Amino acid sequence: MPSRLRRNTLVTEIRDLLRKIGPIVSDSGDHITPDKVATIHELTKAVNRRIVSGGDGT
Amino acid sequence: MLHGKALPCEGNFQFPAKGFFTVLLALLAGLAPLHADNPPKKIALSDFPAAAVQEVVVPVPSEIFAVLDKLGNPNWKAQLREGKVRTPEDRVRTALLLGNVIAEGFVAVEAEDAERVKELGRQVLTLAEAINVRKSVIARSKSITDKAEQRDWRGVRVEFDGALQDVRGAMDELNDHDLSQLVSLGGWLRGTEVLTNIVGRMALSCFTSPSSSTTSIAASGRCPAASAVTPL
Amino acid sequence: MIASASHSCRRGLTGFLALLAAVALAPLLHATVDDALSFAYEAALPYYKQGYSVRKDAWGGDLAVHQKKAVSSQLFKGNDYWFLMASDLKGASLSVHIYDDKGNLVDAESWQRGRFAGVRVSPKATGTYFAIVQVLKSPEDRTPWALVYGYK
C-alpha cells in the first residue's frame, strides 16, 4: 500500500476495523452468535458514518 | 485467461449470430441422452499446484443479494440511508463513498424504492466524476434510471454490478489500483452494516428467550432448525 | 568467436521467429478461446431462461487431453449454481465437477455432452469451491475451453 494511503486516517481506521472483525468471523465458523453480529454491525456502522459525513463517526 | 474480462452478454444475453447453436443445443438435448462421467468422490487439492489454480472470481453484490432474496421479507426500507451524500474533497473518501453508494443501490432495490434507486444512480455518476471515471458509468447511470422506472429490479442489480466493475476497470486503467480496491471496500462496509442489522433483527425475532444471546444463528441468516442450534 | 557469434545470432533469430510466431498465433488462440466462451454462454442460455443470472466473469484457456485444471470460486450457501464449460473444437469432450475446499465432490447433478459439460451445485456452506475442468478427448493437442457460471 502506498504511504499516502497508509497515512490516511480513514484507511487506518478501516484496517483496525478489519483486524477486529477478522477474528470474530474466523472463530465463529458456520455459526455466529447474535451479539457478535451486533458487534460487527456497530463497528461497520461507525466507519460508514465517517465515510459519509467525514466526521468522527459518533 | 478470460477471468475479469467484461463481456457484453450479462443481462441482455442476446446472441444474434448464435441462434443456430441454441437451436442445435436444444435439438441435441432432446435427441441425445445427457451423459455424466464418473468423477472421483474425493481429490487431493494439493495435486493442483498453485499455478494450476486460477484466480478467484470475486462475488458480485447481486450474487450475495440473491441469497438475501431467500430470507423472506426483511424491512429493507428501514435500512435505507436518508439524504443525499456530498462529494468529499479527498479521493480516498470519494472512492469509499462511491462503493458505499453502489451498495446502497442494492438496498434500495431490495426495498423496491424506484425514486431512491434513481437518486443513487445519479450519485454514482457525480462521485465517479470526482475521481475522473465519469465516462465509464454514464450509460450505467442512465440504465439504472430506466430500469428503476420499469421496476425491472433484476435489471437494476445487473447495472449496479456493472457500474462497480466498470468504475474499477476505469480506475485500474488509470493505475489507481489502490483507490479501485477502496471502492470495493466501501461497498463491502455498507453491505456488511446493513446485512448484520437485518440478520441481527431476524435472530432477535427467532429467539425471544433470555438465553438468546448464547444461541448461534446459521450463517445464511435463517432461523436455525432446533437441531442446528449449537450454543457456543 | 565467429562460431560463437553465429550461434548467438542463430539463437537470436530462432528467438525472434518464436516471438513472431507467438505474436502471430496469439490472436488466433485468443479468438478460439473467445469462440469457446461463446459456446459456454450458449450452454448457459437454458439456465438463464430458468432465472439464473450468468456472470460476466469467465475462465478460459487451453488444455491437453486428460490435463486437469482447478479454478476457484467463492460460493454462497442459499444460492444454487450451474457451471457450464464448452469448447469450440468439434470432436472434443470435456468434463467439469465441483469440489469443496477439502476435496470432496459436491456436484448436485452433472452432465457431459461432447464439447459441452455442466454441473449444478447447492453449497452446504459458504466458502471456496473448486471447479475441476478436464479435456477427456480431443482431435488436437491443445483444446481451448471456457467456463461460465450462473446463480439464483
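Each reported figure results from applying straightforward, stated rules to the coordinates on display, with no laboratory input. Here the structure is a predicted model, which is why all the values come from computation and not from measurement. Cβ atoms come from the backbone with ideal geometry, glycine included; neighbour counts cover every protein chain shown.
Observations, loosely collected:
- Here the calculated FRET efficiency for A:K20 and C:Q74, from their Cβ-Cβ distance with R0 = 22 Å, stands at 0.50, rounded to the nearest 0.05.
- In sequence order, the stretch C:114-122 has phi-based couplings of x, 7, 10, 8, x, 8, 10, 9, 10 Hz under the Karplus curve 6.51 cos²θ - 1.76 cosθ + 1.60, θ = phi - 60°, and Gly or Pro positions carry x.
- The residues B:E119, B:E104, when put in order of fewest to most other Cβ atoms within 10 Å, stand as B:E119, B:E104.
- Angstrom value of the Kirkwood radius, inverse mean 1/r, which spans all Cα pairs in the stretch C:60-152: 13.1
- The modelled label-to-label distance for the pair B:R122/A:E13, using points 7 Å beyond Cα in the direction of Cβ, is 2.8 nm.
- Among C:Q74, C:N104, C:Y52 the positive-end extreme of the charge dipole of the stretch C:36-151 (Cβ point charges): C:Y52
- Theoretical gain in end-to-end length, B:I138 to B:K41 [0.36 nm per residue, Cα-Cα removed]: 30.1 nm
- Simple spin-label estimate for B:T87 and C:S122 in nanometres, 7 Å along Cα-Cβ: 4.8
- Least to most buried among C:L94, C:L105 (fewest other Cβ within 10 Å first): C:L105, C:L94
- Note on B:K118, A:K20: ascending count of other Cβ atoms within 10 Å places them as A:K20, B:K118, the fewest first.
- Using a Förster distance of 22 Å, the FRET efficiency for C:K90-C:K49 (Cβ separation, nearest 0.05): 0.30
- Summed residue charge, Cβ within 15 Å of B:R134's Cβ, Lys/Arg positive, Asp/Glu negative: +2
- Anchor B:K70: aspartates and glutamates whose Cα lies under 15 Å away (excluding residues fewer than 8 positions away in-chain): B:E110, C:D80
- Inter-label distance, C:D141 to B:N73: 6.3 nm, where each label sits 7 Å from its Cα along the C-beta direction.
- Cα Rg, Dmax (largest Cα-Cα span) when computed across the stretch B:76-158, Å: 12.1, 36
- Shielding by partners - mean other protein chain Cβ count within 10 Å, residues of B:188-199: 6
- Close amide-amide hydrogen proximity is noted between C:D80 and C:K152, each under 5 Å apart and 5 or more residues distant or on a separate chain (H modeled in the peptide plane; Pro and chain starts excluded).
- Taking amide H as placed 1.01 Å from N in the peptide plane, the amide H of C:D88 sits under 5 Å from that of C:A36, each at least 5 places away or on another chain.
- Here the Karplus relation 6.51 cos²θ - 1.76 cosθ + 1.60, evaluated at θ = phi - 60°, turns the backbone of the stretch B:144-152 into coupling constants of 4, 4, 4, 6, 5, 5, 7, 6, 8 Hz, with x for every Gly and Pro.
- Given A:K45/B:K147; B:K118/B:K142; B:K84/B:K142; A:K20/B:K84; C:K77/C:K152; C:K69/C:K137, the pairs whose alpha carbons are separated by over 20 Å: A:K45/B:K147; A:K20/B:K84
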